[in-house]
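Data block below; observations after.
The values are calculated or read from the model by the stated rules, or taken from the named source; none is laboratory data. Predicted, not measured: the structure shown is a model, and the values here were computed from it. A quick note on method: Cβ atoms are made from the backbone with ideal geometry, for glycine too, and the neighbour counts reach across all protein chains shown.
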Amino acid sequence: MNTVETWKQRKHPLDVVEDVETYAAEGLTFEEIESRGGEGEWERLKWAGMYAHGVQDGYFMVRTKVPGGHLTPEQAEVIGEVAEEFATAPEEFGGSQQNELWGDAFLDITTRQDIQMHWIEIEDVPEIWRRYDEVGLTTIQGCGDSARNVLGCPAAGLDGHEAFDAQPVIDAVSEYFINNEEYANLPRKFKMTITGCRHDCGQSQINDVGMTPARKRTDAGDASDGSGNGTYTYGFHVKVGGGLSDGPRMATPLDVFVPPGDAVEFSRAVAQTFKELGDRNNRGVCRMRYLVEQMGTDAFEAAVRDRCAVDLPTRGEDLTEGYRGDHVGVHDQRQDGLDYVGFNVVAGRMGGDEFAAAARAAREYGTEDATVRLATDQNFLITHVPDERVPELRAEPFAEEYPVEPGPFERGAVGCTGSEFCNYGIIETKKRVKRWARELDARIDTPDDLRVVRMHMSGCSASCAQPQIADIGFRGETVQLDEDGDGDYDALVEGMDFGLGGSLGTDNGFLDWVETAVPADAVIPALEELFAAYADEREDGERFYQWTRRVDNDRLRSVMQRVDAPVSEGVAADD
């Protein structure tokens, strides 16, 4: 059993929630918390949704779970106000000038429809929890080896592409696992997505469990004419074992059909299977995708069926048609006269005051059913806006910074936390992604029909920004340079592995890491060369990722290397 497992067995991780109240009341320092809680307390604090920065000693990152990304305007306003009041950097770390682009008091929308805040002090956590309790929010199990935030389509209940609204199922599954001690200590994190959308907005292909819309005939009907007429029940097909990071794997389908009313029990059975059979000895290979790969999908399905209290029918008719990717822009709702509006947030970061302003705008311009919704591409939506109020909403000050009609690079830009706050981050990401996206939109004239270029940057190999499924993916490295040309590689700079050609959907595939340890200063010139070649060589309607797959990697490398780049030894400094 590995060290973390020993810590978790010694004390149930959820017990740390009460400890937080004590630590806060006594105003304990990090050293005192470690002394009081003993070995493993920093690991257990993740079950309270709290990560110790490490990079900024004495402060926490706090993660708020938002099932399916759905927030009422009241909830969104509280989140914004909490960030504005508590996510503030001390003067010794720069205070309100801590970050030259965002200052402080900001929040990050994540690729799992969570909200993250930095610079949180232990003394403030109980007050944050009190405010959250009043509006039905929580940070509990936002992190740690338990069921993470359940993903869903941010336009659930709104979009004409839906087979049915799966948000009630998301809420039920989330409610089952929260504070459930039986399933709060799993071998590793457990990631689920549930959607009724035909465009797989919840990214079922890269989650531990992905439920997507399906239907199954319940009687034959009069189908002799091939029309398919008959009676159907709607539910879910399931994929399992998807994930990124090291050892990426596309999820594989089970031969099951899950009625919505059985989704909680099915999810429990999968968690039980993972709990019993998952490898607790080696944390490097104990994600569920490794278990599915080791057992085989059929054997894993049999193990789930053995542990499930309901009989699971076999698969029916799959209703997924592809992968949409984002909801940026103004879109008609299925409800007459109403729209939802998707705002683009480059790298997912915005001020707490801006997020609160968006919440108040949802109340002002939307109907009583208006919501604020978070998307897996780090953007947000405001829903139930009458057609005639959309121009007023778009004229709000926050909408100037987070436009509904961004350039293609801004629209597709995703960035993880990076070295600014993350203990694992090798390079800075958030500022770089924002600057690069805007610079690329200004410098590259993309084809008119190419509305989005997905450019994802992770500060390390952990893939929090999902680079493997992007048109262009980056993975942080440090690079040694020969700056004066004397043959000595003695300058250490930030750089990255450079990948091309990833996507989800019917054309799914992980990108190829075409070039490794590229100095950061060489990336934008290399992309200019690539897009110039793409513009000359693309076939009719060909997306950038499709072109990079069609062109062999040697050719792509030769195009990228046309630029006058810094001289690198071509390997990461720590290799």
Check your understanding: In the set 370, 361, 347, which member is in contact (Cβ under 8 Å) with a residue 60 or more places away in the chain, touching a helix residue (DSSP H, G or I) at 6+ places or on another chain (Cβ under 8 Å) and buried (at least 23 other Cβ atoms within 10 Å of the Cβ)?
Key -> 347
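To keep it simple, each residue is scored yes or no on (1) over 28 Å from the mean Cα position of the chain (by Cα); (2) outside the structural domain of residue 236 (by TED's automatic domain parsing); (3) modelled with pLDDT of 95 or more.
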{"site": "291", "(1), (2), (3)": "no, no, yes"}
{"site": "297", "(1), (2), (3)": "no, no, yes"}
{"site": "325", "(1), (2), (3)": "no, yes, no"}
{"site": "329", "(1), (2), (3)": "no, yes, yes"}
{"site": "339", "(1), (2), (3)": "no, yes, yes"}
Review point. Across region 251-267, what is the total count of residues that are in a helix (DSSP H, G or I) and among the acidic types (Asp, Glu)?
Key: 2
Practice item. Using the structure shown, decide if residue 299 is within 30 Å of residue 430 (Cβ to Cβ), small (Gly, Ala, Ser) and either free of Cβ contacts under 8 Å to residues at least 60 places away in the same chain or part of a helix (DSSP H, G or I) (or both). Key: no
Review point. Considering region 380-397 alone, what residues qualify as being surrounded by fewer than 20 Cβ atoms within 10 Å (Cβ to Cβ) and part of a helix (DSSP H, G or I)?
Key: 387, 388, 389, 390, 391, 392, 394, 397
Check your understanding: How many residues does region 407-417 hold that are out of contact with any helix residue (DSSP H, G or I) (no Cβ under 6 Å at 6 or more places or on another chain) and either outside any loop (DSSP other than H, G, I, E, B) or of a type in the set (A, V, I, L, M, F, W, C) (or both)?
Key -> 4
Revision key, fill the gap. Subset of region 180-210, residues farther than 17 Å from residue 245 by Cα, outside any loop (DSSP other than H, G, I, E, B) and among the hydroxyl-bearing types (Ser, Thr, Tyr), comes to 183, 193
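In this structure, does residue 135 turn out to be surrounded by fewer than 24 Cβ atoms within 10 Å (Cβ to Cβ) and β-branched (Val, Ile, Thr)?
Values: surrounded by fewer than 24 Cβ atoms within 10 Å (Cβ to Cβ): yes; β-branched (Val, Ile, Thr): yes.
When the stated conditions are applied, residue 135 passes them.
Is it fair to say residue 310 is buried (at least 18 other Cβ atoms within 10 Å of the Cβ), aliphatic (A, V, I, L, M) and in contact (Cβ under 8 Å) with a residue 24 or more places away in the chain? Let's see the steps before the verdict.
Details: buried (at least 18 other Cβ atoms within 10 Å of the Cβ): no; aliphatic (A, V, I, L, M): yes; in contact (Cβ under 8 Å) with a residue 24 or more places away in the chain: yes.
No; evaluated as a whole, the condition is false for this residue.
Residue check: is residue 367 in the same structural domain as residue 69 (by TED's automatic domain parsing) and of a type in the set (Ser, Thr, Tyr)? Before the answer, list the steps.
Values: in the same structural domain as residue 69 (by TED's automatic domain parsing): yes; of a type in the set (Ser, Thr, Tyr): yes.
Here the answer is yes, as residue 367 does meet what is asked.
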Exercise for review: Of all residues in region 357-379, count the ones that are farther than 19 Å from residue 83 by Cβ and either acidic (Asp, Glu) or assigned to a helix (DSSP H, G or I) (or both).
Suggested key: 5
Check your understanding: Looking at (1) closer than 23 Å to residue 210 by Cα; (2) buried (at least 22 other Cβ atoms within 10 Å of the Cβ), can you tell me which one residue 117 breaks?
Key -> (1)
**Study point:** Single residue of region 54-75 satisfying the filter (in contact with a strand residue (DSSP E or B) (Cβ under 9 Å, 6 or more places away or on another chain) and in a helix (DSSP H, G or I)) that is surrounded by the most Cβ atoms within 10 Å (Cβ to Cβ)
**Key:** 69
Exercise for review: Give region 402-421 a look and list any residue that's of a type in the set (Asp, Glu), touching an Asp or Glu at 6+ places or on another chain (Cβ under 7 Å) and surrounded by fewer than 21 Cβ atoms within 10 Å (Cβ to Cβ), or say none.
Suggested key: 420
Review point. What number of residues in region 117-145 are touching a Lys or Arg at 6+ places or on another chain (Cβ under 7 Å) and among the hydroxyl-bearing types (Ser, Thr, Tyr)?
Key: 2
Check your understanding: Among the residues of region 525-545, which ones are in a helix (DSSP H, G or I) and either hydrophobic (A, V, I, L, M, F, W, C) or free of Cβ contacts under 8 Å to residues at least 40 places away in the same chain (or both)?
Key -> 526, 527, 529, 530, 531, 532, 533, 534, 535, 536, 537, 544
Exercise for review: Filter region 145-156 down to the residues that are part of a loop (DSSP other than H, G, I, E, B) and in contact with a Gly (Cβ under 9 Å, 6 or more places away or on another chain), then identify the one that is farthest from residue 330 (Cα to Cα).
Suggested key: 148
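Starting from residues that are of a type in the set (A, V, I, L, M, F, W, C) and at pLDDT below 95, keep the ones in region 181-240 and report whichever is surrounded by the most Cβ atoms within 10 Å (Cβ to Cβ). Step through it out loud before you land on a result.
Just the residues of region 181-240 that are of a type in the set (A, V, I, L, M, F, W, C), to begin with: 184, 186, 190, 192, 194, 197, 201, 206, 209, 211, 214, 220, 223, 236, 238, 240.
Narrowing further to those that are at pLDDT below 95: 201, 220, 223.
Numbers: 201: 29, 220: 10, 223: 12.
My answer is 201.
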Check your understanding: Only one of (1) surrounded by 19 or more Cβ atoms within 10 Å (Cβ to Cβ); (2) over 18 Å from residue 524 (Cβ atoms); (3) free of Cβ contacts under 8 Å to residues at least 40 places away in the same chain; (4) of a type outside the set (Gly, Ala, Ser) is not met by residue 469, so which one is it?
Key -> (3)
Practice item. State yes or no: is residue 112 modelled with pLDDT of 95 or more and surrounded by fewer than 18 Cβ atoms within 10 Å (Cβ to Cβ)? Key: no
Point to revise | Top-ranked residue in region 1-43 [being among the hydrophobic types (A, V, I, L, M, F, W, C) and not in a helix (DSSP H, G or I); ranked as modelled with the lowest pLDDT] | key: 1
